[in-house]
Amino acid sequence: MVIVRPFRESDAGALAALFHASVRDAGHRDYTSAQVEAWSPGSPDPAVYLARARDRVVLVAETEGGEVVGYGDLGMDGHIDHLYRHPDHVGTGIGSAIYRALEAQAMSANIGTLRVEASEAARRLFLGHGFRVDGRNDFVLRGVPIHNYRMSKVLAFR
């Protein structure tokens with residue numbers, strides 16, 4: 001059982017470590033070693049997550065035992081910048097649980113369209129939740145060519 005809850009300042013270090021572990025482990029399924037290294041050369045400074053939480057909704061997934069196993073964020077413009085889950089929990093529904101909670105936040109804030117720049121793995125998750133691919137982004141990150149996908153979803157208000 002996983003609980004999705006609001007970010008707490010004490011989560012910052014766990015989210016930084018989780019981001020790095022997720023990119024390093026899951027990233028190798030779809031990207032080269034050089035691309036993964038460029039994407040996450042080291043665990044980010046936890047202060048990045050404290051700053052992120054000031055102007056975005058950040059939700060954290062944790063087990064009943066309190067282990068942080070994923071997180072996602074949402075800007076009030078409908079942009080989802082991060083949605084990551086721990087590599088030990090791939091395929092367990094954590095990514096979908098976080099996404100559904102982010103969508104509920106968007107609906108309650110009357111955000112009409114969600115947008116994301118999704119990695120290969122995230123593209124598969126977002127397609128499963130009704131997003132469409134608007135285009136592919138090819139760019140250079142720390143000197144290494146890499147890509148992701150611009151995706152969007154118009155929310156249907158009930």
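The phi torsions of the range 6-17, fed into the Karplus equation with coefficients 6.51, -1.76 and 1.60 and a -60° offset, translate into couplings of x, 4, 10, 3, 5, 7, 3, x, 5, 5, 4, 5 Hz, rounded to whole numbers, with Gly and Pro shown as x. Sequence-distant contacts, meaning Cα pairs under 8 Å at least 6 residues apart, place the relative contact order of the chain at 22 percent. Here is the result for the range 54-108: no chymotrypsin sites (Phe, Trp or Tyr not before Pro) lie in DSSP coil with at most 13 other C-beta atoms within 10 angstrom of their C-beta. Computed with the Debye formula from one identical point scatterer per Cα of the range 1-150, without solvent, the log10 of I(q)/I(0) at q = 0.11, 0.17, 0.18, 0.20 Å⁻¹ comes to -0.40, -1.01, -1.14, -1.42. Looking at the range 1-106, which GluC sites (Glu not before Pro) are in a loop (DSSP not H, G, I, E or B) and have at most 15 other Cβ atoms within 10 Å? Sites meeting the loop and neighbour criteria: Glu64, Glu67.
Its Cα centre serving as origin, the range 56-132 has a Cβ charge dipole (Lys and Arg +1, Asp and Glu -1) of approximately 340 debye. Stretched out straight at 0.36 nm per residue, the stretch from Arg132 to Val154 would grow longer than its current Cα-Cα span by 7.0 nm.
Between Ala47 and Val144, the modelled labels are 2.6 nm apart [label points 7 Å from Cα along Cα→Cβ].
The 3J(HN,Hα) values that the Karplus relation (6.51, -1.76, 1.60; θ = phi - 60°) gives for the range 144-154 are, in residue order, 10, x, 8, 8, 8, 10, 7, 9, 8, 8, 8 Hz. Gly and Pro appear as x. Net length available on complete extension from Asp77 to Ser33 is 12.5 nm, with 0.36 nm assigned per residue and the Cα-Cα distance removed. On a C-alpha basis, how far is the centre of the range 98-158 from the centre of the range 19-71 in Å? Whole number, if you could? Using only Cα atoms, the two centres lie 16 Å from each other. The charge dipole of the range 1-102, taken about its Cα centre with unit charges on the Cβ of Lys, Arg, Asp and Glu (plus for the first two, minus for the last two), comes to roughly 160 debye.
Each value in this text was obtained by applying a stated rule to the coordinates, not by laboratory testing. In this text, all values refer to a predicted model and were calculated from it rather than measured experimentally. Methodologically, a virtual Cβ is constructed for each residue, glycine included, from the backbone with ideal geometry; neighbour enumeration extends over all protein chains shown.
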